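The values are calculated or read from the model by the stated rules, or taken from the named source; none is laboratory data. These figures come from a predicted structure and were not determined experimentally. With ideal geometry, Cβ positions are generated from the backbone for all residues, glycine too; neighbour counts draw on all protein chains shown. These accessible areas exclude ligands, DNA and RNA; they are computed on the full protein's heavy atoms, side chains included. Shrake-Rupley method; radii C 1.70, N 1.55, O 1.52, S 1.80 Å.
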Amino acid sequence: MGEPRKIQVRFFAVLREQAGVSALDWETEARTATDLYGELKAKRGLTFPAGLLRVSINERYATMDTPLQAGDRVVFIPPVAGG
Amino acid sequence: MFGLTDQPIDSAALHAKLARADAGACVIFEGRVRNHHGGKPVTLLEYEAFDELARVEGAAIVEEAERAHPGSFVTCVHRTGALSIGEIAVWIGVASAHRHAGFLACRQVIEEIKRQLPVWKKEHHPGEEPQWVNCTVEVLPSRLSPENYYERQVSLPEVGPPGQTALSAADVLVAGLGGLGCPAALYLATSGVGKLTLVDVGKVEVSNLHRQVLFTADDIGAFKVAVGAARLRQHNPLVQVEGLPADVTAANVAALVTGRTAVLDCTDNFATRFLLHDACRMAGVPLISAAVYRFEGELNLFSPATPGCLHCLWSGQDAAALEAANNCSGEPVFAPTVGLMGIMQAAETLKLLLGLTPAANFKQTRLVNLLDGSTCAIERNADPACVVCGPDAVQSASAPHGVDISSVMLTAEEVIARAPLRTVALLEDGEILDAGKAPAAAIGIPVKDLAHLRALARERPTLLACRYGIRSAALARLLRREGIDQVYSLIGGLAAIHPRDSRIAADRGFRRHEILSTHEKNARDPSRNL
């Protein structure tokens, strides 16, 4: 865990319904996207397994171990179903 | 062009945009809402998109398809919002010069959309809670997750969770996506190597299909790396695969190999082999290299920390000198040989990433012969004067390989011109010298009897000949490095002078009659001449 900083989190589809909101400004010490998801799971009642998620940081796909910076826009991507 | 819309898709208007004077084909795919899924009736689909990322990813998917299938122009629109039965959810149109590129590009776009586009759909069933497709509790255990996918591999004590983590952290380059590269990349992907980069400039040709197992007849004309990357992602969506439609050149080789966990040399020519080898050594990256000649294969692991490199192996000759004799592009190929050697490369790479490689393997050339089923390992010697790996190594990828040493590899013509040479036929385990297949006065020595071979080669100028010329070349190189400078290898091996194989002999420019006239002095038993 590092210094507390503000991350903008948005939710879509199954995660939006589980979180009960579309977006959050989240103050966190989470170092990576994995850490952040663990925190959100515990505090926002998300049940979706982390192993099935991808993540987008600042509107680009990234890896779950990417270090987070203050002001990052983070979206966890559940399995997609386009087409 | 890629678009997202919450309005009904106007198929006719989009169709009209595909008119092009240079397009001889127009391929259209419409994904529509159907009234059933998984045996259950469906009444409505709600599509939700992460708008900003979907637009970026959608545009990238379209551009990638156009790049992979030159001459194709793609228009794609994805719908969001609530859609009733029969409505169009996604529309893809491709205008292309020829139908083949059109079909391939269209297929690539829809498959990539299903894999990458951040769009979700919620299915409404009569009398039930609506469900997010691909995200329901029932499908999760059977869904692709690392826990499910690698279950049978992680349970190996030699792998375990830490090993699987090491594989997923690896970044591996596969240079050459042919007979070796296809199976090698396939097993690396399915084993969970986290990041794979494929580099090959070639396009799929009909004559590739008998051995290049990632490609099908539908892929002819497409870039190998585009088809290969797409297929590997289908096999294992958990790993990242990138395809670079490029040649390995002196200009790009350092950038290609630097920072990789390992590099596989699956190329078919010596110029590229030397480039990759030198760049890997300089960048401190291990190289797993394989080469194939018909039924025989050779495998080498080169560690940047271990002396005994490709130059030691090839006696300091430069790539150009070897090219003519050893370029196997266009050569006949026994498909299982490349398949086996490619899989051995994958196995060696995985062992390396898992820390399972015995130190001795870094010093060995391993030889496999699928005709007689034999395998053997020969220890590579390190040349203390080697310009690349010796103590005074030249630290440049473009170092001159300027050690002046006469050619190891001889054609039959050169053999005749150079007479007298003593011919030593290298015998496999259990094999006896067949007078009908060897020149007169040839001595048969077991290939593994290095001490005897060494002694003979020291006595006088010696030509080593094995069945196909690969083992003899490896041995001749080894003996050269031991300071025996009058030892040679017969290109093409005994097969090239086999009287019944006149086509190979002709290919290799043999003066068959000169060799055979000597043979004919032998009262040979035709029944043994199989």
Scope the range B:176-222; condition out of contact with any Leu (no Cβ under 9 Å at 6 or more places or on another chain) and outside any loop (DSSP other than H, G, I, E, B); matching residues: B:LYS195, B:LYS203, B:VAL206, B:SER207, B:ASN208
Of all residues making up the range A:66-83, the number that are free of Cβ contacts under 8 Å to residues at least 60 places away in the same chain and facing another protein chain (nearest Cβ under 10 Å): 5
Filter result for the condition that a residue is in contact with a strand residue (DSSP E or B) (Cβ under 8 Å, 6 or more places away or on another chain) and at pLDDT below 90, over B:ARG273, B:ARG294, B:ARG260: B:ARG273
Residue count, the range B:127-162 (criterion: at pLDDT 90 or above, over 19 Å from B:GLY39 (Cβ atoms) and within 12 Å of chain A (Cβ to nearest Cβ)): 2
Subset of the range B:85-100 (residues that are in a strand (DSSP E or B) and more than 10 Å from chain A (Cβ to nearest Cβ)): B:ILE88, B:TRP91, B:GLY93, B:VAL94, B:ALA95, B:SER96
First in the range B:101-126 and more than 14 Å from chain A (Cβ to nearest Cβ), second anywhere and open to solvent by less than 20 Å² (accessible area, probe 1.4 Å) and of a type in the set (Asp, Glu), Cβ under 9 Å, 6 or more apart: B:LEU104/B:ASP219
Number of the exception - A:THR63 against (1) touching a residue at least 40 places away in the same chain (Cβ under 8 Å); (2) within 11 Å of another protein chain (Cβ to nearest Cβ); (3) in contact with a helix residue (DSSP H, G or I) (Cβ under 9 Å, 6 or more places away or on another chain): (1)
Residues being within 30 Å of B:GLY221 (Cα to Cα) and either assigned to a strand (DSSP E or B) or within 12 Å of another protein chain (Cβ to nearest Cβ) (or both) - total across the range B:70-84: 7
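Residue-wise test of (1) buried (at least 19 other Cβ atoms within 10 Å of the Cβ); (2) within 19 Å of B:VAL239 (Cβ to Cβ); (3) out of contact with any Pro (no Cβ under 8 Å at 6 or more places or on another chain).
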| position | (1), (2), (3) |
| --- | --- |
| B:GLY102 | yes, no, yes |
| B:ALA105 | yes, no, yes |
| B:GLN116 | yes, yes, yes |
| B:LYS122 | yes, no, no |
| B:TRP132 | yes, no, no |
| B:LEU144 | no, yes, no |
| B:GLU147 | no, yes, yes |
| B:LEU156 | no, yes, yes |
| B:GLY163 | yes, yes, yes |
Test: residue in the range B:13-26 that is assigned to a loop (DSSP other than H, G, I, E, B), within 39 Å of the chain's Cα centre (by Cα) and within 14 Å of chain A (Cβ to nearest Cβ): no
Failed item in (1) among the aliphatic types (A, V, I, L, M); (2) part of a helix (DSSP H, G or I); (3) within 10 Å of the chain's Cα centre (by Cα), with A:ALA42 passing the rest: (3)
Per-region count, the range A:19-49, residues within 14 Å of chain B (Cβ to nearest Cβ), open to solvent by 30 Å² or more (accessible area, probe 1.4 Å), closer than 21 Å to B:GLU147 by Cβ and touching a residue at least 12 places away in the same chain (Cβ under 8 Å): 2
Top-ranked residue of the range A:1-18 - restricted to ones that are open to solvent by less than 30 Å² (accessible area, probe 1.4 Å) and outside any loop (DSSP other than H, G, I, E, B), ranked as farthest from the other protein chains (Cβ to nearest Cβ): A:ILE7
Selected residue [loosely packed, with under 15 Cβ neighbours inside 10 Å, of a type outside the set (Lys, Arg), assigned by TED's automatic domain parsing to the domain that holds B:VAL487 and out of contact with any strand residue (DSSP E or B) (no Cβ under 8 Å at 6 or more places or on another chain)] from B:ASP434, B:ASP449: B:ASP449
When residues of the range A:50-59 are limited to those that are at pLDDT below 95 and more than 7 Å from chain B (Cβ to nearest Cβ), the one nearest to B:GLY58 (Cα to Cα): A:ARG54
Selection count where residues are outside any helix (DSSP H, G or I) and either of a type outside the set (Val, Ile, Thr) or within 21 Å of B:CYS182 (Cα to Cα) (or both), scope the range B:251-282: 13
Unmet requirement for B:GLN153, which otherwise passes all of (1) assigned to a helix (DSSP H, G or I); (2) under 30 Å from B:ALA97 (Cβ atoms): (2)
Of all residues making up the range B:27-67, the number that are open to solvent by less than 60 Å² (accessible area, probe 1.4 Å) and not in a helix (DSSP H, G or I): 11
Verdict on B:LEU299 being within 30 Å of B:HIS69 (Cβ to Cβ), of a type outside the set (Gly, Ala, Ser) and at pLDDT 95 or above: no
Close pairs (9 angstrom Cβ cut-off, 6 or more residues apart or separate chains): within 16 Å of B:ALA189 (Cβ to Cβ) and acidic (Asp, Glu) in the range B:157-175, at pLDDT 95 or above and surrounded by 23 or more Cβ atoms within 10 Å (Cβ to Cβ) anywhere: B:ASP171/B:VAL193; B:ASP171/B:LEU196; B:ASP171/B:ALA262
Hey, B:ILE88 under 41 Å from the mean Cα position of the chain (by Cα), within 13 Å of A:GLY82 (Cα to Cα) and surrounded by fewer than 20 Cβ atoms within 10 Å (Cβ to Cβ) or not: yes
Pick from the range B:460-476, criterion among the charged types (D, E, K, R) and crowded, with 24+ Cβ neighbours inside 10 Å, ranking: modelled with the highest pLDDT: B:ARG467
